[in-house]
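Structure, as structure tokens:
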Amino acid sequence: MSRPVPSWLPRMSCTAFAGLLTAALTTVPAGPARAYTGDNHEDITRAALPWQPLTLTEMADARDGAINANDRPPYFDVGPLHCDNADYLAPRHAASGYPRTRDEATTELLACIRTSVTRFRNAVEAADGLVDADGKVRADQSDLSSHCTWDDRPQRAKCAVLEQLGRGWHQIEDFYSHSNWSDRPASGPIGLDNPPGLERTGTAPFLDIRRYSAMKDADWTREARERIPADLATGCYPDFDSTGVNPPDCDGRVSHNRALNKDTPASARSTGGNFRRATAGATAEITRQWNDFKAELLAKYPDHRRGAQMVCALVHDDPAGACP
């Protein structure tokens, strides 16, 4: 989705940006990018999750759902929260050279993955508050009679888990619409406005968030780096990358808006079935992420079936009555 650059961005200090990025990457319960529209994020999330209606709306709603929390200022303009700026074009496609190396592009993608790893860890910890020590669902911590708030502040355990998952899944969905992972390029020469397409049909192996959450950061980043294909790219967007740089126009780079955008069916790279493939990939990915999160709760909280009760509390609208 093309978006104007907010007027406050040029005035953001390096210190302010560093604080925001640190919060995004490392804090426990924290707080719009060019991304799938809110409606598309909602459609993908609803298709992926077998949750009851009220809980699913809290997560997926186009305007107020946790899945769209990263599309609100100031998170809207932090590139790693949308898998932006991992742009690259191999020398065989860039006669005069490309301004970024493969390693620089990979580093940006790893920054994006790191935000999801952090949010996964946070969500697992927040889930502990859903159930008491004997495995009974805590009604006060799982109640959804009032709307959750997505501001990275302490709140009911169920809301906290939904926020952490939503903020971690948003960029994973964006990866499929912002990258060439499932794309087929247009006919004609490969170049800045028509980068190669990888035409992959499965979920991305370097988005193994549950596995990475149990590893040291240095170890999983090394493993993920080895899994990233040489021609993989996400588009340059004029937001802040992981170094705090805000490219003013992305001239001379593979651009989100011109080259890889599949945020709507009418976006630049959505033709030839690319939008459909990106949406299908994102849906399959969130299904995988939810299944992995369930498995982690069951493994981490086995006593008194606490993990199973946490899963029950997250799926049901009235878990105090629905979960034995």
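The values are calculated or read from the model by the stated rules, or taken from the named source; none is laboratory data. These numbers come from a predicted model, not from an experiment. All Cβ positions, even for glycine, are placed from backbone atoms using ideal geometry, and neighbour counts span all protein chains on display.
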### Task
May I ask you to verify whether ASP103 is out of contact with any helix residue (DSSP H, G or I) (no Cβ under 7 Å at 6 or more places or on another chain) and in a helix (DSSP H, G or I)?
yes
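So in region 231-264, with the set limited to residues that are hydroxyl-bearing (Ser, Thr, Tyr) and closer than 17 Å to ALA282 by Cα, which one is surrounded by the fewest Cβ atoms within 10 Å (Cβ to Cβ)?
Step one: of region 231-264, the residues hydroxyl-bearing (Ser, Thr, Tyr) are 234, 237, 242-243, 255, 264.
Then keep just the ones that are closer than 17 Å to ALA282 by Cα; that gives 234, 264.
Values: THR234: 28, THR264: 16.
Once the filter is applied, the top-ranked residue is THR264.
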## Note on the structure
When (1) closer than 20 Å to TYR36 by Cβ; (2) touching a helix residue (DSSP H, G or I) at 6+ places or on another chain (Cβ under 8 Å) are applied to PRO196, the one that fails is (1)
### Query
Does any residue in region 267-288 that is among the small types (Gly, Ala, Ser) come within less than 6 Å, Cβ to Cβ, of a residue that is in a helix (DSSP H, G or I) six or more places away or on a different chain, and which pairs are these?
ALA268/ARG258; ALA278/TYR176; ALA278/SER177; GLY281/TYR176; ALA282/ILE44; ALA282/GLU173; ALA282/TYR176
### Query
If the Cβ limit is 8 Å and pairs must be 6+ apart or interchain, which residue in region 100-115 that is of a type in the set (Ser, Thr, Tyr) pairs with which residue that is surrounded by fewer than 24 Cβ atoms within 10 Å (Cβ to Cβ) and assigned to a helix (DSSP H, G or I)?
THR106/ARG225; THR115/LEU25
### Query
When only residues in region 77-119 that are surrounded by fewer than 23 Cβ atoms within 10 Å (Cβ to Cβ) and basic (Lys, Arg) count, which is modelled with the lowest pLDDT?
ARG92
### Query
Cβ-Cβ below 8 Å, separation at least six or inter-chain, first residue in region 186-212 and more than 25 Å from THR118 (Cβ to Cβ) and of a type in the set (Val, Ile, Thr), second at pLDDT 95 or above and not in a loop (DSSP other than H, G, I, E, B): which pairs?
THR201/ARG277; THR201/GLY281
